[in-house]
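Visitor: There's a structure below that I have some questions on.
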Amino acid sequence: MDYKYIEQLIDRYFEGETTLEEEHILREFFAQGTVPQHLRQWQQLFRSTAELTAAHLDEQFDRRILEIVGETHVTARRITLAQRLRPLFKAAAFVAFAIVIGSAVEHATRTTAPAEPTGDALVQDELDPAETTPLDIRSAEVAEKIDSTKVLKQ
Amino acid sequence: MDFRTTILPHRDRLYRLALGITMHTGEAEDVVQETMIRAWERRAEWPMIKNMGGWLALICRNLALDSRKRQAHTAFSLIEAPTDDTGRIEARDTLAYIKRLSAALPPPQDEIFRLRDIEGLSYRDIAQQLAISEDQVRVYLHRARAKIREQIVNKT
C-alpha cells in the first residue's frame, strides 16, 4: 500500500501547514489497527490528540448542573391524537356516569316512596292540589257507594 | 434565554479547554461546572453578551488556570488517581503523554499547540483568542510542532 499521501500530510503537519480537515484525516489514519512500521512512531501523538479532541461530558453532568441551577430536565414527547383527547374522553365518561347514577337514584326513590304507588298518583303530582282534592273526594264517595251496594245485596 | 439552550451546548468545548489546561479529567469537569454556575449567577448579563462562547471560554480559562496553580501549590499530581475504570486509565495515559510533550514548549507555543490539537480551533480563532495575527499563530505552531517532532524522534 502507498502511504505517500499520509507521509506528506505528516510532514505538512509538523510544518504547521495542515488544515483542520487534513489533521482529522491523520487522526483517523492512526486510529486504525494496522499502521506500517515506519509510521508507528507518530501513532501515539495522533491517537492521543484524537482522544482529547473527542473528549466530552456525559448526561450525568447535564443532570447535575441542571439540578444545581434549578432547571428540571424536560424531554420532548410525541403525543398521539387519542392521548391528546384523553381528558375530553374522561370528562364525557364522567358526565355519562353521573347521568346514569342520577337516573338510577331518581328511579329508586320514585319506586320506594309511599305517596306515589300508582300511575294516578304520578299524574296527580303534576296537577294543582286544588284540582286533586275533589277527585279524591269523588273516589272516596264511589268506594263508599260500592261498599253500600255490596251490603244491600248481602 | 434559558440555561439549557444558552449555556449547556458549550459544555464539551469548555471541557476540552479546561482539560487542555488542567490535564486532569476530574479537575476539568469541576472547572466546567463552576464556569456554568458563574454564568448562571450572571444571567442578567446574557442579553448584552454578543459572543456567549467567547464569554464562557474566558471564565473557564481563568478558572482552569486557577485550578492549575492550586495543583502546583498543593503538589497535587497532574496524573489522575489510579482507578479500575479502563477508560479513565487510558485518559490518564493520554493526558500524561500530551502533558509531557507540551511541558517542553515555551509560552505561547504550549497554548497554541493546545488550542489547535486539543480544542481543534482554526488559526483564525486562535489568533482572535490570543490577540495575535494568524501568521504569528502559524509561526508559533510550526515551532511547537517542530519541538514535539524532535521529542518523539529522540525518544525512538
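Values quoted throughout were computed directly from the atomic coordinates according to the rules given, and no laboratory measurement underlies them. The shown structure was predicted, so the numbers you read here are calculated from the model rather than taken from an experiment. When we count neighbours, we look across all protein chains shown, and the Cβ atoms used for this are built from the backbone with ideal geometry, even at glycine.
Visitor: Note the angle between two axes, namely the Cα long axis of helix B:86-103 and the longest principal axis of the Cα atoms of chain B, as a number of degrees from 0 to 90, rounded to the nearest 10.
Guide: Tilt of helix B:86-103: around 70 degrees.
Visitor: Something else: Using alpha carbons only, how many degrees (0 to 90, rounded to 10) separate the axis of helix B:52-73 from the longest principal axis of chain B?
Guide: Tilt of helix B:52-73: around 50 degrees.
Visitor: If R0 is 35 Å, what FRET efficiency do you get for B:MET52 and A:GLU67 from their C-beta distance, rounded to 0.05?
Guide: FRET efficiency, B:MET52 to A:GLU67: 0.95.
Visitor: Could I ask something else about it? Mind giving me the nanometre distance, one decimal, between the label points for A:HIS56 and B:ILE152, set 7 Å out from Cα along Cα→Cβ?
Guide: Those two pseudo-labels are separated by 2.6 nm.
Visitor: Going by a ≥ b ≥ c, the root eigenvalues of the Cα gyration tensor, does segment B:104-156 fall in the rounded group (a/c under 1.5), the prolate group (a/b larger than b/c) or the oblate group?
Guide: prolate
Visitor: State whether chain B is rounded, prolate or oblate according to the following rule on the C-alpha gyration tensor (a ≥ b ≥ c being the square roots of its eigenvalues): a/c under 1.5 gives rounded; otherwise a/b larger than b/c gives prolate, and the remaining case gives oblate. Could the numbers behind the result be given before it?
Guide: Details: a/c = 2.21, a/b = 1.27, b/c = 1.74.
Judged from the Cα gyration tensor, chain B comes out oblate (a/c at least 1.5, b/c at or above a/b).
Visitor: Can you give me the angle between helix B:11-22 and the longest principal axis of chain B, using Cα atoms only, in degrees from 0 to 90, rounded to the nearest 10?
Guide: For helix B:11-22, the angle is close to 40 degrees.
Visitor: Could I ask something else about it? What are the ³J(HN,Hα) values, in whole Hz, obtained from phi via the Karplus relation 6.51 cos²θ - 1.76 cosθ + 1.60 with θ = phi - 60°, for each residue of segment A:16-25 in sequence order, with x given for Gly and Pro?
Guide: Listing the rounded values in order: x, 10, 7, 7, 4, 5, 5, 5, 5, 4 Hz.
Visitor: Another one. Would you mind computing, in nm to one decimal, how far apart the modelled labels at A:ARG40 and A:ARG110 are, each placed 7 Å from Cα along Cα→Cβ?
Guide: About 9.9 nm, to one decimal.
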